[in-house]
Amino acid sequence: MTRLTWLALSFMVAAPLAASDQLSGDRQRELRNVLIQDCGSCHGLTMHGGLGPALVPDRLAGKSIEYLSSVILNGRPGTAMPAWRSLLSPAEARWMANQLLQGEVQ
Ligand code: HEC
């Protein structure tokens with residue numbers, strides 16, 4: 001197989017995934033664990049705050065999914081908030097932001 005064919009094939013496999021905002025049930029369960037265990041280590045197991053601020057609907061009201069997911073992906077330089085870009089896709093960060101806004105992680 002030529003290098004070009006290989007590239008074309010991997011693009012065809014990767015493209016539908018990247019284009020889709022639909023996460024599998026398994027991935028949603030994994031992300032929920034990340035929210036509780038990793039994010040919770042700073043933001044509190046019930047997201048009511050710790051080293052990081054509370055991430056509960058009352059406090060997040062008015063903040064957009066775009067804003068919140070961008071903080072999740074890029075972190076906040078100069079603070080303890082790390083960037084999650086290497087572990088999460090933009091769709092996954094949006095899913096998490098939505099979970100927080102809906103108060104699903106309490
Ligand atoms: C090592 C500690 C730490 C971890 C782990 C962490 N955060 Fe944070 N996070 C912070 C801190 C500290 C801030 C506040 C930064 C500032 O002062 O602006 C913050 C800010 C945020 C904000 C912005 C809130 C706002 O109102 O503007 C969001 C959203 C957020 N974190 C989500 C997450 C998510 C989701 C995860 C897990 C994927 C996570 N954080 C993991 C420490 C952490």
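Being among the small types (Gly, Ala, Ser), closer than 17 Å to Ala91 by Cβ and out of contact with any His (no Cβ under 7 Å at 6 or more places or on another chain) narrows it down to one of Ser41, Ser64, so name that one. Don't jump to the end; show me each part of the working.
Details: Ser41 fails: closer than 17 Å to Ala91 by Cβ.
Just one listed residue meets the conditions, Ser64.
Which one of Leu87, Leu60 is near the ligand (Cβ under 9 Å from one of its atoms), open to solvent by less than 20 Å² (accessible area, probe 1.4 Å) and not charged (D, E, K, R)? First the steps, then the outcome.
Working: Leu87 fails: open to solvent by less than 20 Å² (accessible area, probe 1.4 Å).
After ruling out the rest, the residue left standing is Leu60.
Pairs please, first residue from the stretch 75-92 and on the phi < 0 side of the Ramachandran plot, second anywhere and open to solvent by 60 Å² or more (accessible area, probe 1.4 Å) and of a type in the set (D, E, K, R), Cβ atoms under 6 Å, 6+ apart in sequence or on different chains.
Ala91/Asp21
Of the conditions (1) more than 6 Å from the ligand (Cβ to nearest atom); (2) open to solvent by less than 80 Å² (accessible area, probe 1.4 Å), Val71 satisfies every one except a single condition; which number is it?
Result: Val71 fails condition (1) only.
Could you list all residues from the stretch 65-102 that are over 14 Å from the mean Cα position of the chain (by Cα) and closer than 20 Å to Gln22 by Cα? Please lay out each step first, then the result.
Filtering the stretch 65-102 for residues over 14 Å from the mean Cα position of the chain (by Cα) gives 76-80, 102.
Gln102, the sole residue that qualifies.
Out of Arg85, Arg76, Arg59, which single residue is among the charged types (D, E, K, R) and not in a loop (DSSP other than H, G, I, E, B)? Even if it seems obvious, please write down each step before you answer.
Values: Arg85 fails: not in a loop (DSSP other than H, G, I, E, B); Arg76 fails: not in a loop (DSSP other than H, G, I, E, B).
When all the criteria are applied, what remains is Arg59.
Pull up the stretch 28-57, narrow it to residues that are among the small types (Gly, Ala, Ser) and near the ligand (Cβ under 10 Å from one of its atoms), then point me to the one that is most open to solvent (accessible area, probe 1.4 Å).
We begin by selecting, within the stretch 28-57, every residue among the small types (Gly, Ala, Ser); these are 40-41, 44, 49-50, 52, 54.
Next, from what is left, pick out any that are near the ligand (Cβ under 10 Å from one of its atoms): 40-41, 49-50, 52, 54.
Details: Gly40: 6, Ser41: 89, Gly49: 32, Gly50: 58, Gly52: 12, Ala54: 20 Å².
The residue in question is Ser41.
Please count how many residues of the stretch 90-106 are open to solvent by 60 Å² or more (accessible area, probe 1.4 Å) and in a loop (DSSP other than H, G, I, E, B). Don't jump to the end; show me each part of the working.
Restricting attention to the stretch 90-106, the residues satisfying the condition of being open to solvent by 60 Å² or more (accessible area, probe 1.4 Å) are 90, 94, 102, 104, 106.
Narrowing further to those that are in a loop (DSSP other than H, G, I, E, B): 102, 104, 106.
The total comes to 3.
The values are calculated or read from the model by the stated rules, or taken from the named source; none is laboratory data. No experiment lies behind these values; they were computed from the predicted model shown. Backbone-built Cβ (ideal geometry, glycine too); neighbour counts: all protein chains shown. Note: accessible area is taken over every heavy atom of the protein model, side chains too, but ligands, DNA and RNA are not part of it. Shrake-Rupley method; radii C 1.70, N 1.55, O 1.52, S 1.80 Å.
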